[in-house]
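Contents: one structure, followed by commentary.
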Amino acid sequence: MKAAAVLGLFAWLGTAQTPPSLTRGVADRLYTHVVSGLVAGSSVSTATAAWNCSQINAALLQATATGSGTVALPAGTYRISGTISVPSGVRLSAYGATLIAIGGNARPLLANAGWTGNPATSTSNSDVTVEGGTWDNDCLLKSGGNNPKTGAWYGASGANYPGWLAVFDNTTRLRIRDATFQWSAKYLICLAAVTDAKLDNLRLTSTSDGIHVEGGSSRIGISDIFGRTDDDCVAFTPADYPDYRISVGDISNVQVRNVHQNSSSTAVKFGCGYDGAYPSIAGQIVSPTPTNTQYAIVDVAAIGIRGDNRHTNLDGTASTASPIVIWADDFVAPSSYVTPCKADRILVQDVRAAVAAGSLVSIGGSLCGDLALRDLACLNYLGSAGRCVQFVKLANCNAGSAGSLSIDGFRCPVGQDSALVYVGSDCACNDLTLHDVKPVSSTATLNLVLGGGVSGHSITLPRIRLSDIAVDSPPQPVNLVSLNNFCVGTTYVTATNIDEKGSGTGGDRLFTADGGALVVCLSSFEGQSIGAVFRANLTNGASGSIVGLVGDDCDTGSNQWISKGSGWAGSTFRVVGRAVRSDGVNNAQVGSVQGDMFFNTNAAFGTGIGLYGYTGAVWSKLY
């Protein structure tokens, strides 16, 4: 997938999605309605907190009635019992105000006016704006940790409430900006069936999700997000988990820019929950009945992602979550309902993240379409078995796969048995492209593409394209493509402009097959290998083949082009091309057929050093 084509999908965003200036003009701060009569203080009665909520809502309704459309909250700290409901055509400005939900608040602290708590009875709103303020739900999801914020789950009056802080359902032209949202039992901001929404310059702190976009939403712009959340900072879920789902449906035309996440959880996630059992949140949420329809998240760009998941979570735990997660599947969960979900035409660009464990990008599920990763960098050393991009099989879902995955611009230091792209058991990628990749390893074998199936769980990699690759791993060996004996079918590799500087004592084996069939077209290659460019090492009774087609502009110095490992006998192993150099002794390894050529470097072979061709019976010197 071409970058220009992907970026073209988001042309609708244009300059309208540019984050607003944090310094607002005087005219922008002139408001018609200033709420009066609020009782400030962090310790007030429930009745006083309910009074504060009623005063704010009355001012919002008055703004609607008079057509002025703007309400300002005075600076101060206010306890709230109930939901502040913003009607259509109204801007709520809370600069300098802190609003804290009182314990036992069984509803969201903030919502659009049409939200009733039941998606079946809620009504739509449009032109809703919330700006400024600190919004605090004053509860946490995980008890017993070292979370500095005191509090616990809502009391009995709200026991069935999932614990969102803000809910905007069925809302068109929504703006949320310049605000802090914190300490919610569940999502800080939940958007459901929202169209033309713009969220920018938000600070998020919670033991659950930050911004959570549910199904039926489109034309969403999210920018300048600073989060420390124990779950996803920004998530897109066409079919959410049933206990807190409001809407289901496709999500499309999304742009996320400048997300900064500092916890061990995910910065941006694209994917699904699963239906599970039918929800039982009586009197609060009635989720849509699952229909087995395949929903999709399509035409999405996430640009400018920053994260450091070496930090512990707010509850004191640490996870192995990846900064970027793409998860789309038809699910095999033990459920009476299944909601398939597909992720397609996803662009992730300009990622800089430090990873404590796991991978920089994790791809799970069987319904991923075309994915593009651009300009990625892992900022720290990936330890043992570290993965930069990993296809995984997750619990209760099928194996990770993609119709196509394109990676352009990749920098990553890796460690023991690490891989830039790891394709795990039962996983597949139909078309894998790597361009402008420059990994560095100084401690162990570096694998650019590693296929790691296990017995009974195969992998599939039909096409791999490598270009402008510079690998630097002295004194350790390098594998550009390494497929174990559980790789099925034929893998076709084109590799051009390859600069290999590995010179480890174990030797490099740039293309290795332990099973299956590997066909490599190699051009513009320069290496310093003391191992072999092609190696077959068939194990566990596997059969397979390697065919290497080598262009003229390839040079591995005086080192081996081919190497036979244990168990290779009886399988096809051919490396052909006039640039191929051999010692003239082990030509049987080439499995020669008429028309094959190699450049002999052994003066004792045949009539001496030079280019030889195979006639079908003997090797003859061509010149």
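The values are calculated or read from the model by the stated rules, or taken from the named source; none is laboratory data. Given the structure is predicted, the values throughout are model-derived calculations rather than measurements. Note that each Cβ is placed from the backbone with ideal geometry, even for glycine, and that neighbours are counted across all protein chains shown. Accessible surface areas use protein heavy atoms only, side chains included; no ligands, DNA or RNA. Shrake-Rupley method; radii C 1.70, N 1.55, O 1.52, S 1.80 Å.
Within segment 282-295, is there a residue that is over 23 Å from A402 (Cα atoms), modelled with pLDDT of 95 or more and open to solvent by 20 Å² or more (accessible area, probe 1.4 Å)? No, the conditions are met nowhere in segment 282-295. What are the residue pairs meeting all of these: first residue in segment 74-89, first residue more than 25 Å from N125 (Cβ to Cβ), second residue at pLDDT below 95 and among the charged types (D, E, K, R), Cβ atoms under 9 Å, and 6 or more apart or on different chains? If the second residue must be at pLDDT below 95 and among the charged types (D, E, K, R), the pairs left are R79/D138. Reported count of residues in segment 233-256, each being in contact with an Asp or Glu (Cβ under 7 Å, 6 or more places away or on another chain) and open to solvent by 10 Å² or more (accessible area, probe 1.4 Å), is 4.
The residue of segment 227-264 that is farthest from A166 (Cα to Cα), among those that are modelled with pLDDT of 90 or more and touching a Leu at 6+ places or on another chain (Cβ under 7 Å), is Q255.
A single entry from L405, L360 fulfils the requirement of being more than 23 Å from G215 (Cα to Cα), modelled with pLDDT under 85 and assigned to a strand (DSSP E or B): L360. Scanning segment 116-140 for residues that are more than 18 Å from L202 (Cβ to Cβ) and at pLDDT 90 or above turns up T123, S124, N125, S126, D127.
Residue check: T205 meets all listed conditions (1) of a type in the set (S, T, Y); (2) touching a residue at least 40 places away in the same chain (Cβ under 8 Å); (3) out of contact with any Asp or Glu (no Cβ under 8 Å at 6 or more places or on another chain); (4) crowded, with 24+ Cβ neighbours inside 10 Å but one, namely (4). On the stretch given as segment 459-477, residues that are modelled with pLDDT of 80 or more and open to solvent by 10 Å² or more (accessible area, probe 1.4 Å) total 7. If you check Y154 against the conditions, is it modelled with pLDDT under 95 and touching a Cys at 6+ places or on another chain (Cβ under 7 Å)? Yes; evaluated as a whole, the condition is true for this residue. Just checking, does segment 89-100 include any residue being open to solvent by less than 40 Å² (accessible area, probe 1.4 Å), at pLDDT below 95 and in a loop (DSSP other than H, G, I, E, B)? Yes - at least one qualifying residue is present in segment 89-100. With respect to (1) farther than 19 Å from C412 by Cβ; (2) assigned to a loop (DSSP other than H, G, I, E, B); (3) at pLDDT 75 or above, the lone exception for T317 is condition (3).
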